[in-house]
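**Student:** Pasting a structure here, questions to come.
The values are calculated or read from the model by the stated rules, or taken from the named source; none is laboratory data. These numbers come from a predicted model, not from an experiment. Don't worry about glycine lacking a Cβ; one is built from the backbone with ideal geometry, like all the others, and counts go over all protein chains shown.
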Amino acid sequence: MVRVGLALTKHDAASAVADLRSVLRDQPNNVQALKLLAQAHVLNKEENLAVETLRKAETLVPNDVGVKLGLAELLARQQKLDDAKHEIESILAQDANQAQALRQCSSFSWRART
């Protein structure tokens with residue numbers, strides 16, 4: 001995983017994806033590897049693959065705020081604001097004071113008006 005971190009730091013998405021796929025072959029439920037793979041897909045401009053990867057992580061850890069925030073951000077970029085809003089609402093249902101979710105929610109409201 002150290003190599004993956006270095007690859008992501010250097011913006012070498014292809015190497016990171018290859019290394020993470022290797023990790024996930026042996027550990028298909030490794031949530032940390034899935035989160036990093038989603039980051040690598042974003043760097044590689046593969047947002048649909050990033051969403052798929054985070055959806056898999058979400059099935060493994062349905063209450064993970066980081067996964068839900070990542071999904072919300074990607075979905076908003078894809079103009080899927082209702083889906084993004086659903087992710088934010090599920091975070092706020094767990095913790096109505098979750099600051100990062102509240103910030104994203106307000107940014108989605110602003111985007112919807114423009």
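**Student:** So, in region 1-48, how many residues would count as being farther than 22 Å from LEU60 by Cβ, among the small types (Gly, Ala, Ser) and in contact with a Ser or Thr (Cβ under 9 Å, 6 or more places away or on another chain)?
**Tutor:** The qualifying residues number 1.
**Student:** Same structure, new question: When you go through (1) outside any helix (DSSP H, G or I); (2) over 16 Å from LEU8 (Cβ atoms); (3) in the same structural domain as THR9 (by TED's automatic domain parsing) one by one for ASN48, which number turns out not to apply?
**Tutor:** Only one criterion in (1) outside any helix (DSSP H, G or I); (2) over 16 Å from LEU8 (Cβ atoms); (3) in the same structural domain as THR9 (by TED's automatic domain parsing) is unmet by ASN48, namely (1).
**Student:** Follow-up. Give the residues of region 3-23 that are buried (at least 17 other Cβ atoms within 10 Å of the Cβ) and aliphatic (A, V, I, L, M), sorted by residue number.
**Tutor:** Residues satisfying the conditions are VAL4, ALA7, LEU8, ALA13, ALA16, VAL17, LEU20, VAL23.
**Student:** Moving on. What are the residue pairs meeting all of these: first residue in region 54-68, first residue part of a helix (DSSP H, G or I), second residue of a type in the set (S, T, N, Q) and modelled with pLDDT under 95, Cβ atoms under 8 Å, and 6 or more apart or on different chains?
**Tutor:** VAL65/GLN94; VAL65/GLN98; VAL65/GLN100; LYS68/SER90
**Student:** Being at pLDDT 90 or above, β-branched (Val, Ile, Thr) and outside the structural domain of LEU36 (by TED's automatic domain parsing), is that true of even one residue in region 67-79?
**Tutor:** yes
**Student:** Right, something else. Looking only at region 69-106, count every residue that is touching a residue at least 24 places away in the same chain (Cβ under 8 Å) and surrounded by 15 or more Cβ atoms within 10 Å (Cβ to Cβ) and tell me the total.
**Tutor:** Result for region 69-106: 13.
**Student:** List the residue pairs whose Cβ atoms are under 8 Å apart, where the first residue sits in region 22-38 and is under 15 Å from VAL2 (Cα atoms) and not assigned by TED's automatic domain parsing to the domain that holds LEU74, the second is surrounded by fewer than 16 Cβ atoms within 10 Å (Cβ to Cβ) and polar (S, T, N, Q), and the two are 6 or more positions apart or on different chains.
**Tutor:** ALA33/GLN27
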